[in-house]
Amino acid sequence: PCQRWGPSCPVPRPAHPPASPPPTVEKARNRYVESQQVWERKLANRPPPVRAAALMPDLKRIFREEGVPPSFVWQAEAESSFNPAARSPAGAVGLFQFMPATARQFGLRLTPDDERLDALKNARAAAKYLKILHDRFGNWPLAFAAYNCGQGRVAGALRTTGGRSFDDIHDRLPAETRMYVPKVAALIRIRENVDLNAIH
């Protein structure tokens, strides 16, 4: 019979240390963190846009009513520098830059008057959209990624990689989105001292 520590017994192996993330995920995580830090250094001494102060109370109230952290209203700085009349070359309009199809999806009329130009209606649509994206993808970095490049792109990258986080799919996303998410995270950190990655 096998006796403890006898020659016929295998020597117990030490317990394995916790598995490290795969190198590709670790690299993506490092790039995300480094990119956010770069944005924080770049934006640290930049004052908030002049229009932000007047809009802030109403925007935060709207986000809170829609179940989204009120600090996330600073996404508008990345989108439009708080200019309710901002227009992108691609056709996005307003404080949170809605394309026509998405605007209609969230109840904004385009005619006879373009309701995307109404700062508060635009903000409510943005908060509703972010909430839906968070409910679908399970965390805020992924929600902001989907806001920028589309739900289909994020869902496809998650499906292809088997990933569950922004880090996991970082390399599968457009360059603009890889910059956008850490920029939004940096703005929320600088303006509100809130860590986007710590909010669930």
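The values are calculated or read from the model by the stated rules, or taken from the named source; none is laboratory data. Only a predicted model underlies this, so the values are computations on that prediction, with no experimental measurement involved. All Cβ positions, even for glycine, are placed from backbone atoms using ideal geometry, and neighbour counts span all protein chains on display. For the accessible areas, the whole protein counts, side chains as well, though only heavy atoms, and no ligand, DNA or RNA atoms are used. Shrake-Rupley method; radii C 1.70, N 1.55, O 1.52, S 1.80 Å.
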Stokes-Einstein D for region 42-200 (25 °C, 0.890 mPa s, Kirkwood Rh from Cα pairs), in µm²/s, comes to 155 µm²/s
Please arrange MET56, MET179, MET99 by accessible surface area, largest first, computed with a 1.4 Å probe and ligands excluded.
MET179, MET99, MET56
Total charge of the residues flanking ALA186 in space, meaning their Cβ is under 12 Å from its Cβ, with Lys and Arg +1 and Asp and Glu -1, is +1
Neighbour-limited loop hits for trypsin sites (Lys or Arg not before Pro), region 152-198 (at most 14 other Cβ within 10 Å; DSSP other than H, G, I, E, B)
ARG164
Loop trypsin sites (Lys or Arg not before Pro), region 51-107 (other Cβ atoms within 10 Å of the site Cβ: 14 or fewer; DSSP):
none
For ALA53 and ARG159, what is the calculated FRET efficiency with R₀ set at 30 Å and r taken between the beta-carbons, to the nearest 0.05?
0.10
Would you mind counting up the charge near LEU43? Only other residues with Cβ under 10 Å from its Cβ, with Lys and Arg at +1 and Asp and Glu at -1.
+4
Label-reachable residues, region 64-104, where backbone N falls under 20 Å from a point 7 Å from LYS131's Cα toward its Cβ
64-76, 95-99, 102-104
Convex hull over the Cα atoms of region 108-200, averaged projected area in nm²?
6.6 nm²
